[in-house]
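S.K.: Encoded as structure tokens, here's the structure I'll be asking about.
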Amino acid sequence: MSPINELELTRFIRRLFGGGDNGSVSLGIGDDCAAVRAQAGLETLVTCDTLCEGTHFAKPLIPPAKLGAKLVCVSVSDIAAMGGVPRYLVLAMNLTGEVDKKWIESFLRGVRKASRKFECALIGGNIAIAAKGLSFTMTAIGAVKKGRRVDRSGARPGDRIFVTGTLGDSALGLDLLLEKRKSYSAAQRKLINRHIDPTPRLKAGALLGSERIASSMIDVSDGVALDLRRLAEASGVSAAIELAGFPLSKQAGACLDANGPQVWQRILGGGEDYELLFTVRPSKLGKLAQAAGRFDTPVRRIGSITKERKPRLKIIGPGGVEPNLASEGWLHSL
Ligand SMILES: [Mg+2]
């Protein structure tokens with residue numbers, strides 16, 4: 001293992017990310033601050049995410065380049081969830097003896113690959129060498145046209161609830177990874193891939209905002225049940241979702257058939273889907289249908305926003321009845 005030399009690593013980062021800006025960076029990596037040109041008519045969106053070894057990732061289970069790309073993905077997903085477009089990234093690394101030069105260079109190449117794919121520039125960051133606690137914090141900075149931002153708080157009774165893509169694949173993929181099997185089938189590898197290499201829904205998010213289709217939006221990072229609850233709470237409303245017709249991949253559907261209803265717990269509560277969960281007023285449903293062809297993924301309706309005296313999330317089971325969450329046990333973690 002070749003240890004990390006901070007100066008050498010800084011030079012490597014400058015070389016790797018130099019010249020990769022998207023036209024609005026006046027000063028990139030290398031000074032005390034980066035400088036970017038502000039643009040009239042735009043609002044700036046700022047968010048950050050941390051991945052800690054042992055909590056958010058296990059080093060033996062994910063290659064470093066995939067981890068770097070995933071960190072970019074989870075950060076820009078929050079920008080998409082506001083209807084914005086990611087522009088810049090700032091990376092803070094807390095490095096320990098658990099990683100060597102080769103590992104960290106591979107991680108950074110993953111960051112670069114994803115940042116190019118999502119057309120955003122890494123413009124700065126920080127390196128700290130610590131005794132323990134390997135972690136990476138990515139700040140993502142994005143832009144959205146004034147008046148087109150989509151907050152969590154805009155849902156009203158009568159709005160329909162939609163999601164992009166399919167739900168539960170990432171959690172089911174993580175379960176498979178944790179089994180540490182010697183080999184996996186092609187179907188299993190598809191689920192695993194959704195866990196280690198998620199796709200942020202940038203195109204759908206930007207269109208849902210710019211075309212004023214979504215009344216509220218959030219990205220699904222902690223499981224659709226919890227994230228929908230967050231959206232409903234922010235909006236002061238209740239929500240009802242129906243599991244029949246839920247958007248599941250072929251692989252997740254097969255898992256449900258093989259292992260029974262407890263799989264719903266992972267689909268609803270597992271998290272790390274990085275799909276967009278959003279609401280649409282009935283008057284905008286036609287507009288959604290028109291725009292959906294331009295999204296990077298299909299969208300599916302999963303329920304409606306309701307008005308109940310006590311705000312809550314109602315889940316209508318696959319048989320059309322509301323499961324008794326407490327006695328049936330299969331949703332105990334929600
Ligand atoms: Mg989020």
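S.K.: Can you tell me which condition ARG116 does not meet? The list is (1) out of contact with any Phe, Trp or Tyr (no Cβ under 9 Å at 6 or more places or on another chain); (2) under 21 Å from ALA292 (Cα atoms); (3) not aromatic (Phe, Trp, Tyr), and all the others hold.
M.R.: (2)
S.K.: Consider ALA234 carefully, then state whether it is surrounded by fewer than 16 Cβ atoms within 10 Å (Cβ to Cβ), touching a Ser or Thr at 6+ places or on another chain (Cβ under 6 Å) and outside any loop (DSSP other than H, G, I, E, B). Can you show your working first?
M.R.: On the way: surrounded by fewer than 16 Cβ atoms within 10 Å (Cβ to Cβ): yes; touching a Ser or Thr at 6+ places or on another chain (Cβ under 6 Å): yes; outside any loop (DSSP other than H, G, I, E, B): yes.
When the stated conditions are applied, ALA234 passes them.
S.K.: Restricting to the range 237-246, count the residues that are under 14 Å from LEU277 (Cα atoms) and part of a loop (DSSP other than H, G, I, E, B). Steps first, answer last, please.
M.R.: Filtering the range 237-246 for residues under 14 Å from LEU277 (Cα atoms) gives 239-241, 246.
Now restrict to residues that are part of a loop (DSSP other than H, G, I, E, B): 246.
Adding up the residues that qualify gives 1.
S.K.: Based on what the data block shows, is TRP330 buried (at least 20 other Cβ atoms within 10 Å of the Cβ) and either at pLDDT 90 or above or touching a Phe, Trp or Tyr at 6+ places or on another chain (Cβ under 8 Å) (or both)? Before you say what the answer is, go through the steps one by one.
M.R.: Working: buried (at least 20 other Cβ atoms within 10 Å of the Cβ): no; either at pLDDT 90 or above or touching a Phe, Trp or Tyr at 6+ places or on another chain (Cβ under 8 Å) (or both): yes.
No; evaluated as a whole, the condition is false for this residue.
S.K.: Given the options GLY23, GLY30, GLY41, name the one that is at positive phi and modelled with pLDDT of 90 or more. Spell out how you get there, then give the answer.
M.R.: Details: GLY23 fails: modelled with pLDDT of 90 or more; GLY30 fails: modelled with pLDDT of 90 or more.
The match here is GLY41.
S.K.: Within the range 35-75, track down each residue that is among the β-branched types (Val, Ile, Thr), in a helix (DSSP H, G or I) and within 11 Å of the ligand (Cβ to nearest atom).
M.R.: So in the range 35-75, the residues among the β-branched types (Val, Ile, Thr) come out as 36, 44, 46-47, 50, 55, 62, 72, 74.
Next, from what is left, pick out any that are in a helix (DSSP H, G or I): 72, 74.
Result: VAL74, single match.
S.K.: Evaluate the following for ARG112: is it crowded, with 18+ Cβ neighbours inside 10 Å, charged (D, E, K, R) and not in a loop (DSSP other than H, G, I, E, B)? Give the derivation first.
M.R.: On the way: crowded, with 18+ Cβ neighbours inside 10 Å: yes; charged (D, E, K, R): yes; not in a loop (DSSP other than H, G, I, E, B): yes.
Judged against the criteria, ARG112 is a match.
S.K.: Does any residue of the range 239-252 turn out to be surrounded by 17 or more Cβ atoms within 10 Å (Cβ to Cβ), in contact (Cβ under 8 Å) with a residue 60 or more places away in the chain, within 16 Å of the ligand (Cβ to nearest atom) and closer than 21 Å to ILE305 by Cα?
M.R.: Taking the range 239-252 first, the residues surrounded by 17 or more Cβ atoms within 10 Å (Cβ to Cβ) are 239-243, 246-249, 251-252.
This time we only want the ones that are in contact (Cβ under 8 Å) with a residue 60 or more places away in the chain, so: 239-243, 246-249, 251-252.
With the extra rule that they be within 16 Å of the ligand (Cβ to nearest atom), the set shrinks to none.
No, because not a single residue in the range 239-252 is surrounded by 17 or more Cβ atoms within 10 Å (Cβ to Cβ), in contact (Cβ under 8 Å) with a residue 60 or more places away in the chain, within 16 Å of the ligand (Cβ to nearest atom) and closer than 21 Å to ILE305 by Cα.
S.K.: Please specify each residue of the range 182-211 satisfying the condition of being basic (Lys, Arg) and surrounded by 15 or more Cβ atoms within 10 Å (Cβ to Cβ). Lay out the reasoning, then the answer.
M.R.: Quick first cut of the range 182-211, residues basic (Lys, Arg) only: 182, 189-190, 194, 201, 203.
Across the range 182-211, the qualifying residues are LYS190, ARG194, ARG201, LYS203.
S.K.: I need the full set of residues from the range 182-215 which are within 16 Å of the ligand (Cβ to nearest atom) and within 14 Å of GLU275 (Cα to Cα), in order please. Before you say what the answer is, go through the steps one by one.
M.R.: At the first step, the residues of the range 182-215 found to be within 16 Å of the ligand (Cβ to nearest atom) are 198-202, 204-206, 208-209, 214.
Answer for the range 182-215, where residues must be within 16 Å of the ligand (Cβ to nearest atom) and within 14 Å of GLU275 (Cα to Cα): PRO198, THR199, PRO200, ARG201, LEU202, ALA204, GLY205, ALA206, LEU208.
S.K.: For the range 255-265, what are the residues that are surrounded by 15 or more Cβ atoms within 10 Å (Cβ to Cβ) and more than 22 Å from the chain's Cα centre (by Cα)? Break it down stepwise before answering.
M.R.: Narrowing the range 255-265 to residues surrounded by 15 or more Cβ atoms within 10 Å (Cβ to Cβ): 255-256, 261, 263-265.
If the condition is that a residue be surrounded by 15 or more Cβ atoms within 10 Å (Cβ to Cβ) and more than 22 Å from the chain's Cα centre (by Cα), then CYS255, LEU256, PRO261 are the ones that fit.
S.K.: May I pose another question? Pairs please, first residue from the range 172-194 and under 20 Å from GLN265 (Cα atoms), second anywhere and of a type in the set (Phe, Trp, Tyr), Cβ atoms under 9 Å, 6+ apart in sequence or on different chains.
M.R.: LEU176/TYR184; LEU177/TYR184; LEU191/TYR184; ILE192/TYR184
S.K.: Can you report the number of residues in the range 195-237 which are in contact with a Leu (Cβ under 8 Å, 6 or more places away or on another chain) and closer than 16 Å to ILE267 by Cβ?
M.R.: Of the residues in the range 195-237, 9 are in contact with a Leu (Cβ under 8 Å, 6 or more places away or on another chain) and closer than 16 Å to ILE267 by Cβ.
S.K.: Among the residues of the range 224-239, are any closer than 27 Å to ARG312 by Cβ, among the basic types (Lys, Arg) and under 19 Å from the mean Cα position of the chain (by Cα)?
M.R.: The initial filter retains those residues of the range 224-239 that are closer than 27 Å to ARG312 by Cβ, namely 224-239.
Among the residues that remain, those that are also among the basic types (Lys, Arg) are: 229-230.
This time we only want the ones that are under 19 Å from the mean Cα position of the chain (by Cα), so: 229-230.
The answer is yes, given that some residue of the range 224-239 is closer than 27 Å to ARG312 by Cβ, among the basic types (Lys, Arg) and under 19 Å from the mean Cα position of the chain (by Cα).
S.K.: In addition: Exactly one of (1) over 27 Å from the mean Cα position of the chain (by Cα); (2) exposed (fewer than 12 other Cβ atoms within 10 Å of the Cβ) is unmet by THR10. Its number?
M.R.: Condition (2) is where THR10 drops out.
S.K.: If you don't mind, another one. Quick one: which of ILE123, ILE79, ILE129, ILE104 is within 16 Å of the ligand (Cβ to nearest atom) and either modelled with pLDDT under 95 or β-branched (Val, Ile, Thr) (or both)?
M.R.: Only one candidate qualifies: ILE79.
The values are calculated or read from the model by the stated rules, or taken from the named source; none is laboratory data. Since we're looking at a predicted model, the values are computed, not measured. All Cβ positions, even for glycine, are placed from backbone atoms using ideal geometry, and neighbour counts span all protein chains on display.
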